[in-house]
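Engineer: There's a structure below that I have some questions on.
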Amino acid sequence: MTGRSMIVSVENLHKSFKDGSSCIRLFNGLSFSVYEGDFVAVTGSSGTGKTTLLNLIAGLEKPTRGSIRILGKDLSTLNSKDLAALRSCSVGMLFQSFGLVRGLTVEENIRLVQDISGKNGPTKEKYIQDLLEFFGIRDKSDFDPASLSFGEAKKVGIARALAAEPEIILLDEPTGNLDPPSVNVLLPILRGLRHIYGRTIIMTTNSLRAASIANREIHLERPTIIMD
Ligand SMILES: Nc1ncnc2c1ncn2[C@@H]1O[C@H](COP(=O)(O)OP(=O)(O)OP(=O)(O)O)[C@@H](O)[C@H]1O
Ligand SMILES: [Mg+2]
């Protein structure tokens, strides 16, 4: 017994994709639970389904078989409107390709996510300023994301994932393709997220060093490929 609430529960997960004349089968009945305050590293080589797993947890894709529950809700019972509401309030996501909005400044990108969630408490402005400070990007707050370095854009992407104070944070390769000095800056920030913000984090990574800051690891095995 952990005494902590279950945030994500995955049971007997299967996901297949057709790819021309072959079919790729991911996860092979994967089951796991994530509890409040966990920091989970999802590892496995390229193509094992790390990004797909995050997309499934975010409700952006549907499993071929098996079930996913988020905060006690079975995703298969939610319509697209309910899924969007769950995502905007409870799930913060850093995409492998960031998806920052060009034409909005760094600060506006972060505020946008907070606005969409409808979480407009009295401390919301202070929270944004705290995020800019925590990630060391205050001096970039008026920049267009297009003008940032890769490492800076990653930090903005993670800050944005936190903007709505979601229960779950999904980070796809937060340290991927970064030079060692940028990784050195980012890793303590990621570690701090858990301690300072007390968040539940699921992070995919190819890096042993990044995985070592998590308190749990889910290792994905190579998929099965079936030829027609
Ligand atoms: N929408 C899709 N349609 C068809 N195939 C897909 C789709 N999404 C993912 N796949 C396939 O599923 C497999 C897993 O992809 P995924 O992007 O989840 O891997 P990954 O572990 O995140 O890899 P990487 O480390 O390179 O980011 C790949 O073979 C990919 O081509
Ligand atoms: Mg990926």
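Engineer: Restricting to the stretch 137-153, name every residue that is open to solvent by 60 Å² or more (accessible area, probe 1.4 Å) and either at positive phi or within 18 Å of the chain's Cα centre (by Cα) (or both).
Structural biologist: Selection gives PHE150 alone.
Engineer: Being within 13 Å of ligand 2 (Cβ to nearest atom) and hydroxyl-bearing (Ser, Thr, Tyr) is the filter here, so list the residues in the stretch 34-69 that pass it.
Structural biologist: Across the stretch 34-69, the qualifying residues are THR43, SER45, SER46, THR48, THR51, THR52.
Engineer: Collect the residues in the stretch 157-184 that are within 18 Å of SER141 (Cα to Cα) and in a helix (DSSP H, G or I), keeping them in residue-number order.
Structural biologist: Restricting attention to the stretch 157-184, the residues satisfying the condition of being within 18 Å of SER141 (Cα to Cα) are 157-164.
Of everything in the stretch 157-184, those that are within 18 Å of SER141 (Cα to Cα) and in a helix (DSSP H, G or I) turn out to be GLY157, ILE158, ALA159, ARG160, ALA161, LEU162.
Engineer: Shifting gears a bit: Restrict the check to the stretch 19-26 and report whether at least one residue is open to solvent by 20 Å² or more (accessible area, probe 1.4 Å), within 21 Å of GLU167 (Cβ to Cβ), part of a strand (DSSP E or B) and touching a strand residue (DSSP E or B) at 6+ places or on another chain (Cβ under 7 Å).
Structural biologist: no
Engineer: For the stretch 111-133, how many residues meet the condition of being farther than 20 Å from ILE202 by Cα, assigned to a helix (DSSP H, G or I) and out of contact with any Cys (no Cβ under 8 Å at 6 or more places or on another chain)? Give the derivation first.
Structural biologist: Of the stretch 111-133, the ones farther than 20 Å from ILE202 by Cα are 111-112, 114-130, 132-133.
Imposing the further condition that a residue be assigned to a helix (DSSP H, G or I) reduces the set to 111-112, 114-117, 124-130, 132-133.
Now drop any that are not out of contact with any Cys (no Cβ under 8 Å at 6 or more places or on another chain), which leaves 111-112, 114-116, 124-130, 132-133.
Summing the residues that are farther than 20 Å from ILE202 by Cα, assigned to a helix (DSSP H, G or I) and out of contact with any Cys (no Cβ under 8 Å at 6 or more places or on another chain) in the stretch 111-133 gives 14.
Engineer: Filter the stretch 154-186 down to the residues that are open to solvent by 10 Å² or more (accessible area, probe 1.4 Å) and either among the charged types (D, E, K, R) or away from ligand 1 (no atom under 16 Å from the Cβ) (or both) and list them by number.
Structural biologist: LYS155, ARG160, GLU165, GLU167, GLU173, ASP179, PRO180, PRO181, SER182, VAL183, ASN184, VAL185
Engineer: Are any residues in the stretch 29-48 open to solvent by 10 Å² or more (accessible area, probe 1.4 Å) and either closer than 25 Å to LEU78 by Cα or more than 15 Å from ligand 1 (Cβ to nearest atom) (or both), and if so, which ones?
Structural biologist: Answer for the stretch 29-48, where residues must be open to solvent by 10 Å² or more (accessible area, probe 1.4 Å) and either closer than 25 Å to LEU78 by Cα or more than 15 Å from ligand 1 (Cβ to nearest atom) (or both): GLY29, LEU30, SER31, PHE32, SER33, TYR35, GLU36, GLY37.
Engineer: For ARG69, are the conditions met, namely being of a type in the set (D, E, K, R) and either in a strand (DSSP E or B) or open to solvent by less than 70 Å² (accessible area, probe 1.4 Å) (or both)? Quick ask: steps written out before the conclusion?
Structural biologist: Numbers: of a type in the set (D, E, K, R): yes; either in a strand (DSSP E or B) or open to solvent by less than 70 Å² (accessible area, probe 1.4 Å) (or both): yes.
The answer is yes for ARG69.
Engineer: Answer with yes or no whether LEU132 is open to solvent by less than 10 Å² (accessible area, probe 1.4 Å), of a type outside the set (Lys, Arg) and within 15 Å of the chain's Cα centre (by Cα). Spell out the reasoning first.
Structural biologist: Values: open to solvent by less than 10 Å² (accessible area, probe 1.4 Å): yes; of a type outside the set (Lys, Arg): yes; within 15 Å of the chain's Cα centre (by Cα): no.
It is false that LEU132 is open to solvent by less than 10 Å² (accessible area, probe 1.4 Å), of a type outside the set (Lys, Arg) and within 15 Å of the chain's Cα centre (by Cα).
Engineer: Restrict the check to the stretch 1-13 and report whether at least one residue is within 16 Å of ligand 2 (Cβ to nearest atom), among the polar types (S, T, N, Q), part of a strand (DSSP E or B) and in contact with a strand residue (DSSP E or B) (Cβ under 9 Å, 6 or more places away or on another chain). If you could, list the steps in order and put the result at the bottom.
Structural biologist: Let us first name the residues in the stretch 1-13 that are within 16 Å of ligand 2 (Cβ to nearest atom), namely none.
Scanning the stretch 1-13, I find no residue that is within 16 Å of ligand 2 (Cβ to nearest atom), among the polar types (S, T, N, Q), part of a strand (DSSP E or B) and in contact with a strand residue (DSSP E or B) (Cβ under 9 Å, 6 or more places away or on another chain), so the answer is no.
Engineer: Same structure again: Please go through (1) open to solvent by 20 Å² or more (accessible area, probe 1.4 Å); (2) within 16 Å of ligand 2 (Cβ to nearest atom) for VAL113 and return the number of the only condition it doesn't satisfy.
Structural biologist: Looking at each condition in turn, VAL113 falls short on (2).
Engineer: THR204 - would you say it is within 24 Å of SER90 (Cβ to Cβ) and open to solvent by less than 10 Å² (accessible area, probe 1.4 Å)?
Structural biologist: Working: within 24 Å of SER90 (Cβ to Cβ): yes; open to solvent by less than 10 Å² (accessible area, probe 1.4 Å): yes.
Taking the combined requirement at face value, the residue satisfies it.
Engineer: When the residues of the stretch 49-66 are filtered to those that are touching a residue at least 40 places away in the same chain (Cβ under 8 Å), outside any loop (DSSP other than H, G, I, E, B) and within 14 Å of the chain's Cα centre (by Cα), which remaining residue is surrounded by the most Cβ atoms within 10 Å (Cβ to Cβ)? Explain how you work it out, then say what you get.
Structural biologist: Applying the first criterion (touching a residue at least 40 places away in the same chain (Cβ under 8 Å)) to the stretch 49-66 yields 49-51, 53-54, 56-58, 61, 63-66.
The next check asks that each one be outside any loop (DSSP other than H, G, I, E, B); those that pass are 50-51, 53-54, 56-57, 65-66.
Checking which are within 14 Å of the chain's Cα centre (by Cα) leaves us with 50-51, 53-54, 56-57.
Working: LYS50: 25, THR51: 19, LEU53: 27, LEU54: 24, LEU56: 22, ILE57: 23.
Only one residue tops the list, namely LEU53.
Engineer: List the residue pairs whose Cβ atoms are under 8 Å apart, where the first residue sits in the stretch 125-146 and is aromatic (Phe, Trp, Tyr), the second is part of a helix (DSSP H, G or I) and open to solvent by 80 Å² or more (accessible area, probe 1.4 Å), and the two are 6 or more positions apart or on different chains.
Structural biologist: What qualifies is PHE134/ILE196.
The values are calculated or read from the model by the stated rules, or taken from the named source; none is laboratory data. All figures in this text were calculated on a predicted structure; none of them were measured in a lab. Here the Cβ is made from the backbone with ideal geometry for all residues, glycine too, and neighbour counts use every protein chain on show. To get the accessible areas, we keep the full protein, side chains included, count just its heavy atoms, and leave off ligands, DNA and RNA. Shrake-Rupley method; radii C 1.70, N 1.55, O 1.52, S 1.80 Å.
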